[in-house]
Amino acid sequence: MMTRINSVLRQTFEETVARGQLASALDLASREARLNQERDDLKQAGFWLRKAANTLLLQGRYAEGRLEAERAADIQIDPYERACSLFVLAVNELFDFNHNKALLTIGRIEEMVRAFRDDAYLQGNLYAARGTAYCYSGDLDQAFIDWEIGARQLLNGGYLFQAARLLNNRGYALARAGRLSEAEQPLLHALEMVEKASHRPAAAGIHDSIGYVHTLAGRYSEAERHLTRSARMFEALPDIAQLVDTRLHLSQLYERMRKVKLARQEAERALQLATKIGSEPRCLAARQRLASIERTSTMVTGPTKFHDLVYTSASMQTTIARLKTIAALDDAVLILGPTGTGKELAARAVHSESRRRAFPFIAFNCATLSRELIESRLFGHNKGAFTGADREQAGVIRAACGGTLLLDEIGDLPLEAQGALLRFLQSGEVQPVGASQPVRVDVRVVAATNRDLRQEVEAGRECRFPLR
């Protein structure tokens, strides 16, 4: 009888979530968790705590969701259910920008799911979580591989809307990377899947992603239709964190449509909501949106200067705003553009605006040296490392320590040097020619080229730079 009651309760819970009645679903899960703890049924209590954590995740209440998921994993006596709880914990951590904690949790999951190699749900969600972690770290190619494997396993197991979420992830990530022609198809496929399953939380997220793609593609009427629908759905759920993201996408759309008043209203509403839930990353994004709107709404009447860049056009204002955003980060950057468009000036502006401004800025032209000398100049060499090496040389990477290194004409970097450069980008260590031990270096890399590197690779020409 108890098993039958639990089955009915679970079905009721899932139907309530699918309808978007998340507050009611949370009440049901919390009540059942409490009752089962009082009965000392830790397996059922852990199960319902996990459901509560997942409902908080769908509402964007990530900090609360982490606490409930941790409680669920701590008290759960069933290894399978404990692994499921850790999945919910990892996703809450990822969405709450606690990426290091999420990676540790994913590591714990990998150990546990080895005992369930044939389970589509666990295996699919492991690839889903791992793919999201790769995406946040910037390795999109590996993220796409993991998401594809995860979606296939979830579909084989009948987990339709979970698989659709991974298609949504792929489409949105492709759009963020500027690959718009590839982005729409997985999103439309995902929307078709969730509409069949009538799963409103997943559908709301997919409408937001489609609206974002259409905004970038200049299809503004379609973008507005999808984004306003997404906003209404997130308001009804309610999922405030996701609603903030949709409001920011609407603000971006209206700014592109030159509807400055609407763009400002949406950004201000996003900031209010982000402040309400205490999400500092979303507050920062909303403030950046408002600053961008302020810049584009002011007509430039004369030349304006940003470090050594002098400009008058509104489109350059957008570029300068992007450079300022990049300067606040510490990631490696690739600047593309025809010869003579000011790529080195842009790189110098990023350095001058960054926290590294007090340290060296060194520009190195990858096309000026022979293949034999390029590694020595990049990574340095020890005395006696080769004929003519009569003294030690630090190399330009170590010379730029603490500051910024511009690798100009990166498209002409010899293939032989790419492996060592990739190791440096991944590990932050260089090994001078003739040295037995690597040296750790703190330097930001900005690369520039007038070539379309992806097109070069697709055309079958020598890959001059390691695309990831």
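The values are calculated or read from the model by the stated rules, or taken from the named source; none is laboratory data. Everything numeric in this text was worked out from a predicted model, so none of it was measured. No Cβ is skipped: glycine too gets one built from the backbone with ideal geometry, and neighbour counts run over all protein chains shown. Ligands, DNA and RNA are excluded from the accessible area calculation, which covers all protein heavy atoms including side chains. Shrake-Rupley method; radii C 1.70, N 1.55, O 1.52, S 1.80 Å.
Counting alpha carbon pairs within less than 8 Å and at least 6 residues apart, what relative contact order, in whole percent, applies to the chain? It rounds to 8 percent for the chain. Computed over protein heavy atoms with a 1.4 Å probe, the accessible surface of segment 265-362 works out to 59 Å² per residue. Maximal additional length on extending the THR304-GLN21 stretch stands at 96.7 nm, based on 0.36 nm per residue less the C-alpha distance. Enclosing the Cα atoms of segment 149-198 in their convex hull gives a volume equal to 60 cubic angstrom per residue.
Using only side-chain charges placed at the Cβ, +1 for Lys and Arg and -1 for Asp and Glu, the dipole size of segment 136-266 relative to its Cα centre rounds to 500 debye. Only helical runs count toward this figure. For the chain, summing -39,500 (n - 2.57) over DSSP H runs of n ≥ 4 and dividing by all residues gives -22000 deg cm²/dmol at 222 nm.
Taking the empirical scaling 2.2 N^0.38 Å for compact globular proteins as reference, the chain has a Cα radius of gyration ratio of 1.12. Heavy-atom accessible surface of segment 1-95, averaged per residue, reaches 45 Å², computed with a 1.4 Å probe. For segment 1-128, the calculated P(r), taken from all Cα-Cα distances in 5 Å bins from zero up to the bin holding the longest distance, is 2, 12, 20, 23, 22, 14, 6, 1, 0 percent. How large, in percent, is the carbon and sulfur part of the accessible surface of segment 204-325 at a probe radius of 1.4 Å? The value for segment 204-325 is 52 percent carbon and sulfur by accessible area.
Look at the dipole of the chain built from charges on Cβ: of SER427, PHE379, ILE206, the Cα furthest out on the positive end belongs to ILE206.
Taking all protein chains into account, the per residue accessible area for segment 140-252 stands at 40 Å² (1.4 Å probe).
Of all DSSP beta bridges confined to the chain, the antiparallel ones make up roughly 30%. In this simple spin-label approximation, LEU284 and ARG39 carry label points 7 Å from Cα along the Cα→Cβ vector, and these lie 4.6 nm apart. Taking the average, over residues, of other Cβ atoms within 10 Å as the packing measure, peptides 222-229, 37-44 rank 222-229, 37-44 from highest down.
Of the solvent-accessible surface of segment 51-149, computed with a 1.4 Å probe and all protein chains present, 50% belongs to carbon and sulfur. Suppose R0 equals 25 Å; then what is the FRET efficiency for THR325 and ARG225 from their Cβ-Cβ distance, rounded to the nearest 0.05? Once the sixth-power term is evaluated, E becomes 0.30. With the simple spin-label model, which puts each label point 7 Å out from Cα in the Cβ direction, the ALA358 to VAL8 separation comes to 7.0 nm.
Mind putting a number on the dipole of the chain about its Cα centre? Charges go on the C-beta only, +1 for Lys and Arg and -1 for Asp and Glu, and I need it in Debye to the nearest 20.
Charge dipole of the chain: 1120 debye, to the nearest 20.
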